[in-house]
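Notes follow the structure.
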Amino acid sequence: MTRLSAAFSKDHPALVTFITAGDGDTAANLDALVAGGADVIELGMPFTDPMADGPAIQEANIRSLGAGTTTADIFAIAAAFRARHPDTPLVLMGYANPMTIRGGEWFASECNKAGVDGVICVDIPPEEDAELGPLLRSAGIDLIRLATPTTDKARLPAVLDGASGFLYYVSVAGITGLQQAAQTSIDEAVARLKAYTDLPVAVGFGVRTPEQATNIARVADGVVVGSALVELVAQHGSNAAGTLQDYVASLKHAIVAARKA
Amino acid sequence: MTIADPTPNSFRNQPDENGHFGQFGGRYVAETLMPLVLDLERHYRLAKTDPAFQAQFDDLLEHYVGRPSPLYYAERLTEEVRKTAPEGKGAQIWFKRDELNHTGAHKINNCIGQILLAMRMGKTRIIAETGAGQHGVATATVCARFGLPCFIYMGAKDVERQQPNVFRMKLLGAEVIPVTSGANTLKDAMNEALRDWVANVHDTFYIIGTAAGPHPYPELVRDFQSVIGKEARAQMLSRTGRLPDMLVAAIGGGSNAIGLFHPFLDDKDVAMLGIEAAGHGLEKEHAASLAGGRPGILHGNKTYLLQDEDGQIAEAHSISAGLDYPGIGPEHSWLKEIGRVRYDSVTDVEALNAFQLLCRTEGIIPALEPAHAIAAVEREAKKMDRDQIILANLCGRGDKDIFTVAEALGTAI
Ligand SMILES: Cc1ncc(COP(=O)(O)O)c(C=O)c1O
């Protein structure tokens with residue numbers, strides 16, 4: 001069983017937490033996410049042109065790149081995380097150019113060496129899978145696909161073809177951190193997706209509060225929280241770990257409680 | 001002679017069905033946008049073969065834009081260049097006068113095509129990005145003409161340096177949204193337009209201003225701009241009975257250049273030269289993606305980009321805001337790799353000199369973008385024989401640039 005499938009086989013839905021690599025004290029923040037109860041870690045690879053992100057993550061990207069973060073730094077952060085946390089799955093999330101610039105083979109092999117479990121690439125849709133998909137899959141790295149409110153029935157098979165790890169449902173047509181989806185639309189979408197796939201379905205974009213997490217956890221296999229955590233890093237700079245851990249613990253509590261209720 | 005049909009050996013039958021020009025192009029967009037670009041492609045395929053669509057496009061180009069634009073022999077410029085050319089050298093210099101179009105540049109050709117497509121698709125809200133403001137003005141113009149609400153994303157830095165065009169867009173009823181993310185210039189405006197699009201997928205049409213972006217944009221922008229090359233080819237044949245020996249055009253994203261080049265691509269004796277902006281020089285800050293960049297993925301397509309070794313996108317620099325972009329349309333990347341088109345660059349200083357030369361010799365104030373092409377024309381014409389013909393795309397007029405030029409020349413106005 002892979003680390004990712006283990007994380008989605010617990011007796012509660014998975015809490016998936018996102019922070020941007022190189023923004024603040026990343027190692028301490030990652031430890032805080034784990035200590036707070038995160039089941040899966042998404043580590044954002046900063047990019048100069050994050051066109052699917054709202055202001056919070058855009059600014060985190062700028063802070064990180066401004067501090068001089070390189071791709072080598074990100075893999076070093078990942079490898080050190082893997083050494084400290086042998087069981088927590090780590091997923092890199094980012095944009096196509098930094099992932100493909102040295103070739104997909106190089107990227108897949110670095111992911112493998114650093115103990116990365118999966119990759120989410122915002123701007124490589126199934127139509128351009130050849131760029132990264134086959135190389136990641138043959139290196140044993142899950143390529144996590146995204147489904148959105150605009151992904152209709154006709155398209156869903158293409159999205160699922162080659163998907164592994166979990167399916168990320170982007171609950172709003174929009175960018176990260178701004179609007180939130182109506183719960184009924186999330187319920188419907190998750191039910192629809194689950195009719196087509198056995199992969200775990202995690203829901204993200206616009207999820208900020210324990211209340212939202214509870215509602216989503218009632219129907220989905222995972223809840224993804226990003227911008228709310230990135231904002232805490234922005235507020236607390238290099239001393240964000242304590243606040244992050246507390247907030248993640250409150251989200252985790254909400255998720256575990258959802259299935260008991 | 002008529003334009004040859006694209007054959008299997010043609011340079012004119014790109015892209016493939018997935019929008020690839022060789023290894024370039026494609027559809028590198030977020031999943032939310034993927035169904036939209038597929039839908040756009042379906043509608044464009046139907047429009048392309050619909051005589052009514054073509055007829056409406058042609059009618060607007062004739063009566064609203066003022067096409068065909070003249071093909072002009074620049075006699076005094078030719079003579080001026082010959083003065084410093086080797087014995088017997090100095091090709092005849094001709095211009096395709098797209099600066100005479102309504103709104104003063106080639107940008108309007110594409111905007112007419114895209115707004116007709118938007119209305120055909122039932123879209124009711126238009127967005128666009130702009131750098132210099134020329135594409136923003138052209139988009140605001142067609143939105144006013146057809147009564148659609150218009151939102152223009154423009155880097156805060158460009159809003160500052162292009163005030164006259166900002167005011168024009170507002171007069172035309174558009175809302176100009178200054179973009180303060182990233183570096184506050186054109187690429188950031190494009191990011192912000194993509195963010196708007198992804199959040200307003202149901203009613204919004206994104207009018208991209210150059211032959212770049214996810215498939216089918218590079219193809220459809222090229223097709224709409226190809227009116228330039230089709231006219232020029234027919235005009236040259238009827239005026240001189242022959243084809244030009246060389247075509248020259250400036251390249252920001254590459255729409256005026258591909259519009260001129262594409263109809264000639266299978267004319268094997270016609271050489272082509274695309275001119276990128278070398279800014280302060282290729283060793284310093286510039287906007288020459290082909291000369292100084294590497295293939296990468298940005299704004300929906302794979303193409304040459306200015307970037308660092310980690311794939312972080314670099315800032316471009318050019319005195320010409322319309323060329324100040326760190327990428328280039330994917331078809332140019334392909335044409336460079338297969339060697340059909342040659343690409344070179346011209347610095348800020350060389351463009352400023354050419355700008356002044358054209359003012360004085362021909363009584364035409366060009367935009368700074370085609371001033372780059374004119375500088376290259378001077379260079380190339382001197383190497384060519386006197387009976388040869390070099391044709392450049394005069395794709396915009398310089399009204400928008402007089403403040404920038406005055407400042408560069410140290411003149412207060
Ligand atoms: C007059 C003019 N020429 C050229 C350009 C560059 O664009 P493209 O390379 O797409 O023709 C611009 C862009 O603003 C422009 O205004």
* Asked: How large is ³J(HN,Hα), in whole Hz, for each residue of segment B:251-256 in order, when computed from phi with the Karplus curve 6.51 cos²θ - 1.76 cosθ + 1.60 and θ = phi - 60°, using x for Gly and Pro?
  -> 10, x, x, x, 6, 5
* **Sorted by Cβ density within 10 Å, fewest first, the residues B:E17, B:E41** => B:E17, B:E41
* Asked: Within segment B:67-102, which GluC sites (Glu not before Pro) sit in a loop by DSSP and count at most 16 neighbouring Cβ atoms inside 10 Å?
  -> B:E87
* Contact order relative to length of segment A:33-99, as percent, for alpha carbon pairs under 8 angstrom and 6 or more apart -> 54
* How long is segment B:65-202 along each principal axis, judged by its Cα atoms, biggest number first, in Å? -> 62, 35, 25
* Does anything in segment B:268-282 have its amide N under 13 Å from the 7 Å Cα→Cβ label point of B:R342, and if so which residues? -> B:270-275
* Structure fact -> Once amide hydrogens are built 1.01 Å from N within the peptide plane, the residues lying 5 or more places from B:A211 or on another chain with amide H under 5 Å from its amide H are B:G254, B:S255
* With 20 Å bins from zero, work out the P(r) of chain B over every alpha carbon pair and list the percent per bin. => 29, 61, 9, 0
* Cα gyration tensor category, rounded, prolate or oblate, for segment B:252-363 with a/c compared to 1.5 -> oblate
* Environment charge of B:G296, counting only residues whose C-beta is closer than 12 Å and scoring Lys/Arg +1, Asp/Glu -1 -> -3
* Asked: With a 10 Å Cβ neighbour count serving as the proxy for reagent exposure, in which order, fewest first, do B:E285, A:E42 appear?
  -> B:E285, A:E42
* Can you give the average number of partner chain beta-carbon atoms within 10 Å of each beta-carbon in peptide A:146-155, as a whole number? -> 4
* **Relative contact order [Cα under 8 Å, 6+ residues apart], segment B:36-185, whole percent** => 17
* Kindly state, as a whole number, the per residue volume in cubic angstrom of the convex hull around the alpha carbon atoms of segment B:34-130. => 174
* Structure fact -> trypsin sites (Lys or Arg not before Pro) in segment A:1-89 lying in a DSSP loop, each with at most 13 other Cβ atoms within 10 Å of its Cβ, come to A:K10
* Structure fact -> Check: C-alpha center segment A:83-142 vs C-alpha center segment A:145-210, spacing in Å is 20
* To do: Could you tell me the distance between the Cα centroids of segment B:165-231 and segment B:90-154, to the nearest Å?
  => 9
* Which listed residue (A:V203, B:Q388, B:H43) has the Cα farthest towards the positive end of the charge dipole for the protein assembly as shown, taking +1 on Lys and Arg C-beta and -1 on Asp and Glu C-beta about the Cα centre? -> B:H43
* Structure fact -> Which of B:D310, B:D39, B:D245 fluctuates most in a GNM of chain B (C-alpha springs under 10 Å)? That residue is B:D310
* Asked: Among the trypsin sites (Lys or Arg not before Pro) within segment A:88-165, which fall in a DSSP loop and have no more than 15 other Cβ atoms within 10 Å of their own Cβ?
  -> A:R102, A:K153
* Structure fact -> B:T84 and B:E17 label points (each 7 Å along its Cα→Cβ direction) are spaced in nm at 5.4
* Computed FRET value (nearest 0.05) for A:D246 with A:R102, which takes r as the C-beta separation and R₀ as 30 Å -> 0.20
* Asked: Can you work out the FRET efficiency for the pair B:E75 and B:A234, with r the C-beta to C-beta distance and R0 = 25 Å, to the nearest 0.05?
  -> 0.70
* Measuring from the lowest to the highest alpha carbon on each principal axis, how far does the protein assembly as shown reach, largest first, in angstroms? -> 87, 50, 48
* Diffusion coefficient, µm² s⁻¹, Stokes-Einstein with Kirkwood Rh over alpha-carbon pairs of segment A:92-233 at 20 °C and 1.002 mPa s -> 136
* Report Rg(Cα)/(2.2 N^0.38 Å) for segment A:28-123, keeping two decimals. => 1.05
* To do: Find how many whole Å separate the alpha carbon centroid of segment A:11-57 from the alpha carbon centroid of segment B:334-413.
  => 49
* To do: For segment B:293-346, just say rounded, prolate or oblate: build the C-alpha gyration tensor, square-root its eigenvalues into a ≥ b ≥ c, call rounded for a/c under 1.5, and beyond that prolate if a/b exceeds b/c, oblate if not.
  => oblate
* Taking the Cα centre of the protein assembly as shown as origin and charging only Cβ (+1 Lys, Arg; -1 Asp, Glu), how large is the dipole, in debye to the nearest 20? -> 840
* Any idea what the relative contact order of segment A:88-135 is, in percent, if you count C-alpha pairs under 8 Å spaced at least 6 apart? -> 53
* How large is ³J(HN,Hα) for each residue in segment A:185-195, as worked out from phi by the Karplus curve 6.51 cos²θ - 1.76 cosθ + 1.60 (θ = phi - 60°), to whole Hz, x for Gly and Pro? -> 5, 5, 4, 5, 5, 5, 4, 5, 5, 5, 6
* Asked: Taking chain B as a Gaussian network, Cα atoms linked when under 10 Å apart, which of B:H262, B:H106, B:H286 shows the biggest mean-square fluctuation?
  -> B:H262
* Given H placed on each backbone N at 1.01 Å, which residues far from B:Y343 in sequence or on other chains put an amide H within less than 5 Å of it? -> B:G274
* So what are the ³J(HN,Hα) numbers for segment B:382-399, from phi and the Karplus equation (6.51, -1.76, 1.60; θ = phi - 60°), rounded to whole Hz, Gly and Pro as x? -> 5, 8, 9, 6, 5, 8, 8, 10, 10, 10, 10, 8, 8, 7, x, 9, x, 3
* **chain B: DSSP helices with Cα axial extent of at least 15 Å and average Kyte-Doolittle hydropathy no lower than -0.5** => B:34-48, B:107-120, B:134-146, B:186-199, B:227-240, B:348-362, B:368-381
* To do: Would you mind checking which residues have amide H under 5 Å from B:Y153's amide H? H placed 1.01 Å from N; only 5 or more apart, or other chain.
  => B:A128, B:E129, B:T130, B:I177
* Label point at A:S5 placed 7 Å out along Cα→Cβ; residues across segment A:205-222 whose backbone nitrogen lies under 16 Å -> none
* Asked: Put +1 on the Cβ of every Lys and Arg and -1 on every Asp and Glu Cβ in segment B:34-154; which of B:L117, B:H106, B:Q56 then has its Cα farthest towards the positive end of the dipole?
  -> B:L117
* Structure fact -> Mean shadow area (nm²) of the C-alpha convex hull around chain A is 12.1
* To do: Show that you can apply the helix-only estimate: for the protein assembly as shown, add -39,500 (n - 2.57) for every DSSP H stretch of four or more residues, divide by all residues, and state [θ] at 222 nm to the nearest 500.
  => -12500 deg cm²/dmol
* Asked: Can you give the Rg and Dmax of segment B:273-319 based on its C-alpha atoms, in angstrom?
  -> 10.5, 31
* Structure fact -> Checked segment A:146-195 against the a/c 1.5 cut and the a/b vs b/c comparison, axes a ≥ b ≥ c from its Cα gyration tensor; verdict prolate
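Rule-based calculations on the coordinates, nothing more; no lab input. These figures come from a predicted structure and were not determined experimentally. Cβ sites come from the backbone with ideal geometry, for glycine too, and all protein chains shown count toward neighbours.
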